[in-house]
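Here is the structure we will look at, set down as structure tokens.
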2 protein chains.
Amino acid sequence: MACAALRILDNLGLPDLTMRRLAAELDVQPSALYHHFPNKQTMLAELADRIVATHGLSPEDVPEDWRDALRAESAALRDGLLAYRDGAEVVSSTLALGLGADAPLHRLAGVIGRGGFDDSTAARASSVLVHFVLGHVSHEQQRMQYDSLGALSPELKSRGLDDDQAASFAFGVDLLVGGLERSRSRT
Amino acid sequence: MACAALRILDNLGLPDLTMRRLAAELDVQPSALYHHFPNKQTMLAELADRIVATHGLSPEDVPEDWRDALRAESAALRDGLLAYRDGAEVVSSTLALGLGADAPLHRLAGVIGRGGFDDSTAARASSVLVHFVLGHVSHEQQRMQYDSLGALSPELKSRGLDDDQAASFAFGVDLLVGGLERSRSRT
DNA sequence: ACCTGAACACCGTTCAAGT
DNA sequence: ACCTGAACACCGTTCAAGT
């Protein structure tokens, strides 16, 4: 059920993920969907939860240094969002509406807490980080879609573009890690 | 024309800002709008540009210290977004689609550049900052809307909530300012 | 140049009725 | 419990025709 929705999302994108198309994919009438979700937003929230659950970094892969752990978790979250077309937008809107997809928030806050910051700081900093990740990846995915719509010589321009995106993503994460580190040394 | 759109946005919110309602507000047929904008997104982009243009900090009010200037510009941007219902979401989607609303990006990059950072760093850091601001204010506005829909004793919970929002906003900005400062001293 | 009228191809959601 | 069929109240956009 949610699998069909993810398939539509990945193949056609968020604007084409309609209740009617999902119903058609399941060979069912649109009204039947409302026995499983109260409304469309709830269905998208379920998708968002699944998308961020994908970014499972196995516990043994989490570095013990909190800064490296934060970088690793951030990169894993980015990978999870990039795994589905328009993944960042789905998660972003769900999170904004307070309907879920808040696992990364708690995950990252936990890592920061392990760095010796108080709960309030950890919560706020993880929120800043998640806002950045969602904004960055949304932009990234928007650009991918634009490029695939075939402007002039897409290969030429996108050669090394993935590296650029990864680098500017890492820059943002490092900026926040640095800010955190500094905030502690200034106490 | 754009004023009517802003009025609808502020009174009814983004979901109710439809081409048909805008046409009705202007006492015109929906099809008439397409002589002014090629499509709805373009119309929203015009709105977004206007919303971020509001955040005009007069040049004499910009502090000379780049860190204070960054804080002041960020706060002014937040105020501009908060000035219209769903302002952050309108700007966010327009920026994501690359249709405009990039004035704050250049403004902030300029301020950072005045702090002695190279152009690439300034551009990346201002992008991080704008992602944070949009994410934060979106969340803020979502919550305002939710509260006004009247949960239990809204005054009780929102007493001092504005201060909280302003404080966590300032925290995020300071985190990034600190990160930038640190990135220079570590060169 | 700017607008009307009418249509096209859709939406999300509800609800009685069936099994 | 789960689904159908039909409807309600909308959308964004196009296009011939008018002025």
Quick one: dipole size for the protein assembly as shown, taken about the Cα centre, charges +1 on Lys/Arg Cβ and -1 on Asp/Glu Cβ, in debye to the nearest 20. 220 debye
For the stretch A:89-130 and the stretch B:1-28, distance of Cα centres in Å: 35 Å
I need to check one value: relative contact order of chain B, counting alpha carbon pairs closer than 8 Å and at least 6 residues apart, in percent. 20 percent
List the residues, sorted by chain then number, that are 5 or more residues from B:GLY115 or on another chain and whose placed amide H is less than 5 Å from its amide H. none
Got a sec to turn the phi values of the stretch A:142-149 into Karplus ³J(HN,Hα) couplings, 6.51 cos²θ - 1.76 cosθ + 1.60 with θ = phi - 60°, whole Hz, x for Gly and Pro? 4, 6, 4, 5, 5, 5, 5, 6
Just want to confirm a number: the relative contact order over the stretch B:1-68, from Cα pairs under 8 angstrom separated by 6+ residues, in percent. 25 percent
Residue among B:LEU77, B:LEU129, B:LEU97 with the largest mean-square fluctuation in a Gaussian network model of chain B, springs linking Cα atoms under 10 Å: B:LEU97
Alpha carbons only, please: Rg and Dmax for the stretch A:4-55, in angstrom. 10.8, 33
Using the 10 angstrom Cβ neighbour count as an exposure proxy, how do A:THR94, B:THR54 rank, fewest first? B:THR54, A:THR94
Please work out the FRET efficiency for the pair A:MET19 and B:SER185, using the Cβ-Cβ distance as r and a Förster radius of 41 Å; give the result to the nearest 0.05. 0.15
Would you mind telling me which residue in A:GLY135, A:GLY160, A:GLY115 has the biggest mean-square fluctuation in a Gaussian network model of chain A, where springs connect alpha carbons within a distance under 10 angstrom? A:GLY160
Peptide-level mean, for B:167-180, of C-beta atoms on other protein chains within 10 Å: 6
Spin-label pair A:ALA2/B:LEU161, simplified geometry with 7 Å Cα→Cβ offset, distance in nm: 2.9 nm
Name the residue farthest towards the positive end of the dipole of the stretch A:1-107 from the options A:GLY100, A:HIS36, A:TRP66, assuming +1 on Cβ of Lys and Arg, -1 on Cβ of Asp and Glu, about the Cα centre. A:HIS36
How far apart, in nanometres, would the label points at A:ALA170 and B:ASP27 be if each is projected 7 angstrom from Cα along the Cα-to-Cβ direction? 6.2 nm
Counting all C-alpha pairs of chain A, share separated by more than 26 Å (%): 39 percent
Per the Kirkwood formula over distinct C-alpha pairs, the hydrodynamic radius of the stretch A:20-110 in angstrom is 14.5 Å
Would you work out the charge dipole size for the stretch B:5-117 about its Cα centre, treating the Cβ of every Lys and Arg as +1 and the Cβ of every Asp and Glu as -1, and quote it to the nearest 20 debye? 320 debye
Cα extents of the protein assembly as shown along the three principal axes, largest first, in whole Å? 59, 58, 54
R0 of 22 Å, Cβ-Cβ distance B:THR42-A:LEU12: FRET efficiency to nearest 0.05: 0.45
Which of the GluC sites (Glu not before Pro) found in the stretch A:63-122 are in a DSSP loop and have at most 15 neighbouring Cβ atoms, other than their own, within 10 Å? A:GLU64
To the nearest 20 Debye, how big is the dipole of the stretch A:1-43 about its Cα centre, given +1 on the beta carbon of each Lys and Arg and -1 on that of each Asp and Glu? 120 debye
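Throughout, read-outs are computed from the coordinates displayed, never taken from laboratory work. It should be emphasised that the depicted structure is a prediction, and the values quoted were computed from it without experimental measurement. Positions of Cβ are backbone-derived with ideal geometry, glycine not excepted, and every protein chain shown enters the neighbour counts.
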